[in-house]
Amino acid sequence: MSTQPALMRQAFLLGPRQLELREVPVPEPGPGEVVLRVEVALTCGTDLKTYRRGHHPKIPVPGPFGHEYTGRIARVGPGVQGFREGDAVMGANTGPCYTCTYCQRGLFQHCESLFDDMVVGTYAEYVRIPARVVRTNLFLRPPDLPETVAPLIEPLASALHGLRVLRPWHERVLVVGTGPLGILLAFALEQEGNEVTLVGRNPRRNEVARRIGLRRVLDQVPEDEAFDAVVEATGNPEVWEQSPRWVRKGGRVLLFGGLPADQRVIFAAYALHYEEKHLLGAFHFTPQEVKAAYELLVTHGTRLQPLITGEFPLGQIAEAFRRLDRGEGLKYAIRP
Ligand SMILES: [Zn+2]
Ligand SMILES: [Zn+2]
């Protein structure tokens with residue numbers, strides 16, 4: 001067992017736009033768990049939302065936050081298989097229980113206890129990885145995968161879940177929204193052989209998408225084209241309502257960008273009934289998609305480097321969030 005300090009620094013969210021670094025005890029791994037020394041934590045849209053609102057249904061505030069991570073295993077709890085102290089790893093933030101009624105039906109993204117024990121608090125020197133994540137959704141990080149890219153396994157798994165719901169097959173797909181998820185969705189769609197049009201209004205984000213290699217990035221939806229499928233990735237109710245207009249008859253609309261729980265949206269009955277335009281939703285991911293995200297990162301991960309628009313030491317995490325809050329940058333790498 002290596003020597004470790006008893007205390008570490010961890011970023012706490014205290015309320016809307018209020019961040020503080022605190023000294024807290026280094027976590028101890030319980031049965032089946034590991035504790036990582038965090039190398040990189042990535043900022044995420046969910047974290048930004050929580051930062052702005054000062055609350056989140058699954059993340060207690062005041063409290064630590066952050067859930068995209070890569071690091072080295074510092075301590076291994078009893079009964080862990082397949083991982084040793086010193087291993088570089090990357091993983092998702094949740095894992096299914098495999099026993100609830102949803103898990104028994106293979107609907108792991110709806111596992112009843114999915115968020116009961118998850119990875120939270122990665123803006124820290126150390127973080128505990130729960131047994132259910134270690135068992136299913138933790139992977140060894142290949143030496144040639146950049147540390148800043150490895151944490152993308154989590155958002156990429158969400159994007160791949162979206163694709164599994166949409167089931168595109170060499171089709172013309174429109175993705176609306178150039179946030180990190182819109183870009184990851186477009187990237188994954190292109191990888192699977194679809195003809196992708198990505199649309200976003202922010203020129204800098206569009207430039208990032210082009211640097212990643214996306215072939216067709218526009219600042220407006222072309223009005224004279226009808227797509228086989230549309231992916232809504234803005235989380236804007238007006239774009240949700242517009243989306244069916246952009247698909248051909250019999251096409252599918254994937255409503256990917258989340259809206260507040262009480263938000264209402266209106267769709268034309270004619271489009272859904274006579275034109276057979278199908279509305280689909282996608283939430284979170286299953287272990288199958290985490291594995292697929294891992295494999296995609298191993299083969300093509302370095303291409304995604306432009307998504308990481310800057311790096312900050314943990315001590316300057318507040319600055320990273322101020323920038324995100326102003327709409328600057330896509331994702332920042334936080335290094336303890
Ligand atoms: Zn995330
Ligand atoms: Zn379950």
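The values are calculated or read from the model by the stated rules, or taken from the named source; none is laboratory data. These numbers come from a predicted model, not from an experiment. So basically every Cβ, Gly included, is an ideal-geometry build from the backbone, and we count neighbours across all protein chains shown. Side chains are part of the model used for accessible areas, which takes the heavy atoms of the whole protein and leaves out ligands, DNA and RNA. Shrake-Rupley method; radii C 1.70, N 1.55, O 1.52, S 1.80 Å.
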Relative contact order %, the stretch 159-281, counting alpha carbon pairs below 8 Å whose residues are six or more apart
24
Using the Cα centre as the reference, give the magnitude of the dipole from point charges on the C-beta atoms of the stretch 1-73 (Lys, Arg: +1; Asp, Glu: -1; all else neutral), rounded to the nearest 20 debye.
320
Working from the alpha-carbon coordinates of the stretch 179-299, get Rg over Rh, Rh being the Kirkwood radius.
0.97
Percent of alpha-carbon pairs separated by more than 14 Å within the stretch 1-43:
62
Would you kindly state how much longer the chain becomes between Thr302 and Ala226 on full extension, computed as 0.36 nm times their sequence separation minus their alpha carbon distance, in nm to one decimal?
24.1 nm
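Arrange the residues Arg210, Arg323 by how much accessible surface each exposes, largest first, with a 1.4 angstrom probe. Mind dumping the intermediate values first?
On the way: Arg210 110, Arg323 80 Å².
Final ranking, largest accessible area leading: Arg210, Arg323.
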Near Lys277, which aspartates and glutamates are there with a Cα under 17 Å away, not counting those fewer than 8 places off in the same chain?
Glu171, Glu225, Asp228, Glu232, Glu241
Please report Rg (one decimal) and Dmax (integer) in Å for the Cα set of the stretch 72-170.
14.9, 47
Say the dipole of the chain comes from +1 at the beta carbon of Lys and Arg and -1 at that of Asp and Glu; which of Pro180, Leu48, Gln10 then lies farthest toward its positive end?
Gln10
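Using a 1.4 Å probe, what is the accessible area per residue for the chain, in Å²?
Values: 15360 Å² over 336 residues.
The answer is 46 Å² per residue.
Suppose every Lys and Arg Cβ carries +1 and every Asp and Glu Cβ carries -1, with no other charges. What dipole size does the chain come out with about its Cα centre, to the nearest 20 debye?
Values: 39 positive and 38 negative charges, 38 e Å.
In total the dipole reaches around 180 debye.
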So if I take the centroid of the Cα atoms in the stretch 110-174 and the same for the stretch 1-70, what is the distance between those two points in Å?
17
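Just the Kirkwood number for the chain, please: inverse of mean 1/r across all distinct Cα pairs, in Å, one decimal.
It works out to 20.5 Å.
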